[in-house]
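Asks: Provided herewith is a single structure, encoded as structure tokens, for subsequent inquiry.
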Amino acid sequence: MVKLIGYKKIKTAVFTSGTGSNLINLIKFSHSKKSPIKIQLVISNNKNTKGINYAKRLRIKNKTFYYEKNKNPEKLILKELKLNKIDLICLAGFMKILSSNFIKEFKGKILNIHPSLLPKYKGLNTHNRAIRNNENYSGCTVHYVNSRLDSGKIILQKKVKISKNDNHITLKAKILKQEHILYPKAIIKLFSNS
Ligand code: GRF
């Protein structure tokens with residue numbers, strides 16, 4: 001378990017692959033007074049995304065590792081995390097599965113946000129599957145990461161109503177909006193002293 005010691009903020013790395021809206025949101029949150037985290041490093045497997053460019057503009061250290069080109073990208077990532085004395089990893093739309101060895105190195109120190117009400121709809125295409133199954137609700141979950149996909153201990157969830165007119169695009173947008181509220185809330189729940 002990561003503990004907040006005194007007023008020192010937790011050195012955090014955010015992992016991202018896609019648009020990076022959760023990354024941008026976490027960066028904004030980390031600049032607020034109430035944030036227990038400081039984003040020290042951004043790890044990505046994809047260059048020039050909106051999120052990475054945002055981090056660059058704010059001069060937040062960022063590193064891109066191409067999984068296709070590297071034999072052992074996790075080894076390089078671990079080296080970077082150690083170099084930056086990272087204490088917490090927030091996965092935010094990182095589309096690579098971390099190996100159990102990697103997870104062991106950061107046991108209890110990796111969080112993820114997933115766009116469904118876990119344990120329902122682990123993995124990809126959550127919105128389509130929820131709509132196809134005529135669910136009345138979907139939502140998002142912040143959870144610890146363990147070696148089984150989307151199966152670690154749940155920290156917080158938010159329900160989102162699926163309306164008759166929703167398709168996977170509108171549902172994704174509704175849920176993403178809630179993700180941006182939920183991730184900071186979960187971090188505060190875990191690490192704030194007050
Ligand atoms: C989010 O829906 C997140 O829950 C999932 O991937 C998506 C990433 O979106 N793991 P973004 O890149 O943060 O905009």
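Asks: Let me check the size of region 129-182 from its C-alpha atoms; what are the radius of gyration and Dmax in Å?
Replies: Taking only Cα atoms of region 129-182, I get Rg and Dmax of 12.2, 37 Å.
Asks: What figure in square angstrom, to the nearest 10, would you give for the accessible area of PHE94 with a 1.4 Å probe?
Replies: Number for this one is 20 Å².
Asks: Cα-based Rg of region 1-93 per 2.2 N^0.38 Å, rounded to two decimals?
Replies: Working it through for region 1-93, the quotient is 1.06.
Asks: Is there a pair in LYS9/LYS71; LYS8/LYS69; LYS96/LYS174; LYS164/LYS185; LYS69/LYS174 whose C-alpha atoms are over 32 Å apart, and which pairs would that be?
Replies: Distance filter (> 32 Å) returns LYS9/LYS71; LYS8/LYS69; LYS69/LYS174.
Asks: Name the shape class, rounded, prolate or oblate, that the alpha-carbon gyration tensor gives for region 47-131, where a ≥ b ≥ c are the square roots of its eigenvalues, rounded holds for a/c under 1.5, and otherwise prolate holds if a/b is larger than b/c and oblate otherwise.
Replies: prolate
Asks: For region 29-68 and region 123-194, what is the centre-to-centre distance using only Cα atoms, to the nearest Å?
Replies: Rounded to whole Å, the Cα centres lie 22 Å apart.
Asks: For ARG148 and LYS38, FRET efficiency with R0 = 25 Å and r from the beta-carbon atoms, rounded to 0.05?
Replies: Approximately 0.25, to the nearest 0.05.
Asks: Right, next: In the chain, once you exclude exposed trypsin sites (Lys or Arg not before Pro) (DSSP loop, at most 12 other Cβ within 10 angstrom), what's the longest stretch remaining?
Replies: My reading of the result: 108-147 is the longest stretch.
Asks: Continuing with this model, one more query. Could you check how many percent of all C-alpha pairs in the chain are farther apart than 31 Å?
Replies: Of the Cα pairs, 15 percent sit more than 31 Å apart.
Asks: Based on DSSP H runs of at least 4 residues, each adding -39500 (n - 2.57), what is the mean residue ellipticity at 222 nm of the chain after dividing by all its residues, to the nearest 500 deg cm²/dmol?
Replies: After summing the helix terms and dividing by the residues of the chain, the value is -10500 deg cm²/dmol.
Asks: Probe 1.4 Å, all protein chains in place: accessible area of TYR144 in Å², nearest 10?
Replies: Counting only protein heavy atoms, the figure is 40 Å².
Asks: What full-extension length gain, to one decimal in nm, is calculated for ASN167 and ASN133 as 0.36 nm per residue of separation minus the Cα-Cα distance?
Replies: Contour length minus the Cα-Cα distance gives 11.0 nm.
Asks: Express the carbon and sulfur contribution to the solvent-accessible surface of region 40-194 as a percent, rounded to the nearest whole number, probe 1.4 angstrom.
Replies: 50 percent
Asks: Another question, then. For helix 21-30, what angle does its Cα long axis make with the longest principal axis of the chain, in degrees from 0 to 90 and rounded to 10?
Replies: 50 degrees
Asks: Could you grab the relative contact order for region 56-194? Cα pairs under 8 Å, six or more apart, rounded to a whole percent.
Replies: Value for region 56-194: 19 percent.
Asks: Among the aspartates and glutamates, which fall within straight-line cross-link reach of LYS120, defined as a Cα-Cα distance under 19 Å, with same-chain neighbours fewer than 8 residues apart omitted?
Replies: GLU135, ASP150, ASP166, GLU179
The values are calculated or read from the model by the stated rules, or taken from the named source; none is laboratory data. Note that the structure is predicted; figures quoted are calculated from it, not measured. Cβ atoms come from the backbone with ideal geometry, glycine included; neighbour counts cover every protein chain shown. Just so you know, the surface numbers come from the protein's heavy atoms only, side chains and all, with ligands and any DNA or RNA stripped out. Shrake-Rupley method; radii C 1.70, N 1.55, O 1.52, S 1.80 Å.
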